[in-house]
């Protein structure tokens, strides 16, 4: 089965710089190959503040936007998060999007491409790893970090050779783990049936 990997743009902030970086990551991933890659922009999903009355662990969603978000996340085998650093962490909108569902994240792999000022978003990536572990997403080691003081211009994002190479390494790791975890999920379904 062909793997489906979502490139999740983890900011919905007006004027964000992540649009051009996420577009480049999607293009780089498609050139890399090995899966179907699609952009998942949290700004395109009207999630607002978490408004589900029940615990997401049980998957008993009442809101249409949650049901749609559930379908999107459930239909993916892995993720690449494109995440900015805001105040030493990742955006609240991304945390909110993660918190909406639970089982849909489980037993999947993720890579993280961070971006930000002088620290290039690495603190956001590390904070995100903790949250992803709780929803049973396995994050890979390779972690491209992009400094927004370099590489971003009026025409979008222009990667360095080092970032391009590291994104390829990260994608190799995500695809390897996503394939293995796809089998884990299939085995769990067989046992549950």
Next on the checklist: Helix 161-192 against the longest principal axis of the chain: what's the angle in degrees, Cα atoms only, rounded to the nearest 10?
Outcome noted: 0
Checklist outcome for this item: quick note, the range 68-118, DSSP beta bridge pairs, % antiparallel (nearest 5) is 10
Item to check | Tilt relative to the chain, helix 64-74 - C-alpha long axis, 0 to 90 degrees, to 10 | outcome: 80
Checklist entry - residue 141 versus residue 190, label points 7 Å from Cα toward the beta carbon: distance in nm? => result 3.0
Next on the checklist: If you fit an axis through the alpha-carbon atoms of helix 18-32 and take the longest principal axis of the Cα set of the chain, what angle between them do you get, 0 to 90°, nearest 10?
Outcome noted: 80
Item to check | Label point 7 Å beyond Cα of residue 63 along Cβ direction - residues of the range 84-104 with amide nitrogen under 19 Å | outcome: 91-104
Checklist entry - How do 27-38, 70-81, 172-183 rank on mean C-beta neighbours within 10 Å, highest first? => result 70-81, 172-183, 27-38
Checklist entry - Relative contact order of the chain: what whole-number percent is it, with Cα pairs under 8 angstrom and at least 6 residues apart? => result 23
Checklist outcome for this item: As a percent rounded to 5, the proportion of antiparallel DSSP bridges among beta bridges in the range 6-115 is 5
Checklist entry - Based on the Cβ-Cβ distance of residue 168 and residue 119, what FRET efficiency does E = 1/(1 + (r/R0)^6) give at R0 = 25 Å, to the nearest 0.05? => result 0.60
Checklist outcome for this item: If each part is reduced to its alpha-carbon centroid, the range 112-163 and the range 44-79 end up apart, in Å, by 25
Item to check | Gained length - residue 55 relative to residue 96, 0.36 nm times residue gap less alpha-carbon distance | outcome: 13.4 nm
Checklist entry - What Rg and what Dmax come out for the range 1-113 when only alpha-carbon atoms are used, in angstroms? => result 14.0, 42
Item to check | Pairwise label distance in nanometres, residue 46 with residue 183, each label 7 Å out on the Cα-Cβ vector | outcome: 4.3
Item to check | Within the chain, percent of DSSP bridges classed antiparallel, to nearest 5 | outcome: 10
Checklist entry - If eta is 0.692 mPa s and T is 37 °C, what Stokes-Einstein diffusion coefficient results for the range 4-192, Kirkwood Rh from Cα pairs, in µm²/s? => result 197
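A short reminder: the numbers here are calculations on the coordinates, not readings from a lab. Predicted, not measured: the structure shown is a model, and the values here were computed from it. Because the Cβ atoms are built from the backbone with ideal geometry, glycine has one as well, and the counts that use them run over all protein chains shown.
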